[in-house]
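Let me begin by presenting the structure, written as structure tokens, before commenting on it.
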Amino acid sequence: MTNAAISVDRALKRFKSRVIIEQIHLTVPYGQFCGIVGANGSGKTTLLRCIAGLMIPNSGSISVLGQRLFPGPGTLPEGVGALIESPGFIGNLSGTKNLEFLLSLSSKRTQVDIASVLSSVGLSPGDRTKVRSYSLGMTQRLGIAQAIMEGPRLLLLDEPQYGLDPDGVLQIRNLLSQLHAKGTTIVMVSHQIDEVSALCDVVYEMRGGHLVLGGTSS
Amino acid sequence: MRILSKEIIRLLSRWQFFAALLLGLCIQAFGVWQYYTSFAHSQMQSTSANQAVWLSLLATQIFFPLQIGLAVGDTVAYDRTTGAIRYLIMRSSRAKYTVYKLAGSAAIAFCVTFVPIFVGSMLCAVLFPVKYGMPTFDGYTVQTMHFMPSLFYHHFFDYVLAASLYTSACGVFLGTLGVLLGSFFRNTYLSVGLPWILYIGLSIAFIFSEVPILQYWVPLGRASVAIYSPALGPPWLPPLTWLVLAGITAVVTLQVMARRDIRD
């Protein structure tokens, strides 16, 4: 057990003989806005996927919200929202129906105002367009909506500004700032250093599979 | 159960489900039509539902794995292609996700196999009223080739129900096989078509192998009661075989999914 929202200890992940992340130590306290930057292929998305329970590290341990993920079943605890790379939805359903479907999968039955969540990311709640007809930016907004809709204590975001127009980037930046102010722990992975620096309390850099401290807001 | 019901509703609302059901009904209709044009007005043959059911089941046995592939074969492959698998697993767990995919696929596979066969058989019973005791084939063929001849002649509706359930048991196995293949292949066509290719390919290989044990376990003969012979063992063996195979496939799928990186 740990007091941190995320605790990664000596995590190593390799695909066949290629090491992707190595000797990763990361502790994210509750309420912190943590940014991870790095070049393409540096391993930042792999690290986020391991924290989200989607990839299984070859060695090391990962705990999220006080619950051991690895070694273990890799099941995320309640209270984690995530946007991992391009969001995937059921194409023949509308955005609202997709969110309803995802909500039904949670064991915790929470009342969620889907309309207000969609509005907060700039999508029209009454829009019945099927997701397969969505633009890249609209899909990304819906991805952010599914991540935040249940009021998560921990938010994992991989390139949340990807595909968004300038207005969308500003809207999402404000939304994340509000969530942070309310005490949500946020981990954001991006290759846009300016964006991460503007929002985050602490910034790490992934370099050749290793995590190094880039700086703090102070 | 809530997750499973959602998955079943999702599968039922797809056009692929209706296409699979329509395909099955068309195959049954083809069997009935073929009987009607070939035998119904012939003085050489008796007019009975028995013959019609026999022909429609023969038509079914070759194509029903394709129906199942169409309805559920891509259930995991589709999630992987769209990336939806990430959100489904993060919101439940790998084990829950796999269980509801397996259970949902098995239920839909059962449905798309059972419904057309049962409807087709009942159609035969209405169009060509049953004449108990009328020889549909010569005595040798009935005794050596036909599944449960006594039930076939004396309790025809029970026979239809048994026939539908036996083929559906194979359908359940093929549905779970589609889920397992989907955990390996993102290509939806492979997950849809491979179970049928395996079914037909192994049947042909086993039939022409001239190895008695392989000929004993020809999938085509085990899946359809129409060509089932009493010499192949007790009548409960084929459905039990398919259900055991479905169980083994489910356990393998759970193990594979528990150890697999979700990179989609």
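Out of the stretch B:73-86, which residues are outside any helix (DSSP H, G or I) and at the interface with another protein chain (Cβ under 7 Å from one of its Cβ atoms)?
B:Gly83
Tally time: how many residues in the stretch A:99-111 are assigned to a loop (DSSP other than H, G, I, E, B), under 19 Å from A:Leu154 (Cβ atoms) and either within 11 Å of chain B (Cβ to nearest Cβ) or free of Cβ contacts under 8 Å to residues at least 24 places away in the same chain (or both)? Outline the logic, then answer.
So in the stretch A:99-111, the residues assigned to a loop (DSSP other than H, G, I, E, B) come out as A:106-111.
Going one step further and asking which of them are under 19 Å from A:Leu154 (Cβ atoms), we end up with A:106-108, A:110.
Imposing the further condition that a residue be either within 11 Å of chain B (Cβ to nearest Cβ) or free of Cβ contacts under 8 Å to residues at least 24 places away in the same chain (or both) reduces the set to A:106-108.
Number of matching residues: 3.
Keeping to the stretch B:98-124, report how many residues are of a type in the set (Ser, Thr, Tyr), buried (at least 23 other Cβ atoms within 10 Å of the Cβ) and closer than 20 Å to B:Gly175 by Cβ.
Total meeting the criteria: 3.
Return the pair list, or none, for Cβ contacts closer than 8 Å from residues in the stretch B:87-104 that are farther than 21 Å from A:Leu83 by Cβ and at the interface with chain A (Cβ under 8 Å from one of its Cβ atoms) to residues that are buried (at least 24 other Cβ atoms within 10 Å of the Cβ) and modelled with pLDDT under 90, at least 6 apart or on different chains.
none
If I go through the stretch A:150-201 residue by residue, how many of them are under 26 Å from A:Pro77 (Cα atoms), in a helix (DSSP H, G or I) and hydroxyl-bearing (Ser, Thr, Tyr)?
1
Condition first: in a helix (DSSP H, G or I) and buried (at least 21 other Cβ atoms within 10 Å of the Cβ). Can you find one or more residues in the stretch A:113-125 that meet it?
Checked the stretch A:113-125: at least one residue is in a helix (DSSP H, G or I) and buried (at least 21 other Cβ atoms within 10 Å of the Cβ).
Determine which member of the set A:Pro73, A:Pro87, A:Pro77, A:Pro125 is at pLDDT 85 or above and closer than 20 Å to A:Ala52 by Cα.
Only one candidate passes the filter, namely A:Pro77.
In this structure, does A:Val37 turn out to be touching a strand residue (DSSP E or B) at 6+ places or on another chain (Cβ under 6 Å) and facing chain B (nearest Cβ under 10 Å)?
No.
If you check A:Arg141 against the conditions, is it surrounded by 16 or more Cβ atoms within 10 Å (Cβ to Cβ), among the basic types (Lys, Arg) and closer than 21 Å to A:Tyr162 by Cβ?
Yes; evaluated as a whole, the condition is true for this residue.
Could you look through the stretch A:68-81, keep only residues that are surrounded by 15 or more Cβ atoms within 10 Å (Cβ to Cβ) and more than 17 Å from A:Ile186 (Cβ to Cβ), and pick out the one that is farthest from the other protein chains (Cβ to nearest Cβ)?
Across the stretch A:68-81, the extreme among qualifying residues is A:Arg68.
Looking at A:Gly41, A:Gly72, A:Gly60, A:Gly31, can you tell me which residue is among the small types (Gly, Ala, Ser), assigned to a strand (DSSP E or B) and farther than 17 Å from B:Arg86 by Cβ?
A:Gly60
Among the listed residues A:Leu157, A:Leu136, A:Leu164, A:Leu123, identify the single one that is within 23 Å of A:Thr96 (Cα to Cα), within 14 Å of the chain's Cα centre (by Cα) and not basic (Lys, Arg).
Answer to the selection: A:Leu157.
I'd like to know if the stretch A:82-98 contains one or more residues that are more than 14 Å from chain B (Cβ to nearest Cβ), in contact with a strand residue (DSSP E or B) (Cβ under 9 Å, 6 or more places away or on another chain) and either free of Cβ contacts under 8 Å to residues at least 60 places away in the same chain or surrounded by fewer than 21 Cβ atoms within 10 Å (Cβ to Cβ) (or both).
no
For the stretch B:240-264, give me each residue that is away from chain A (no Cβ under 14 Å) and of a type in the set (Val, Ile, Thr).
B:Thr241, B:Val244, B:Ile248, B:Thr249, B:Val251, B:Val252, B:Thr253
Please go through the stretch A:99-112 and give me each residue that is surrounded by 12 or more Cβ atoms within 10 Å (Cβ to Cβ) and among the charged types (D, E, K, R), ordered by number.
Scanning the stretch A:99-112 gives a single hit, A:Glu100.
The values are calculated or read from the model by the stated rules, or taken from the named source; none is laboratory data. This is a predicted model, so every value here is computed, not measured. All Cβ positions, glycine included, derive from the backbone under ideal geometry; neighbour counts span all protein chains shown.
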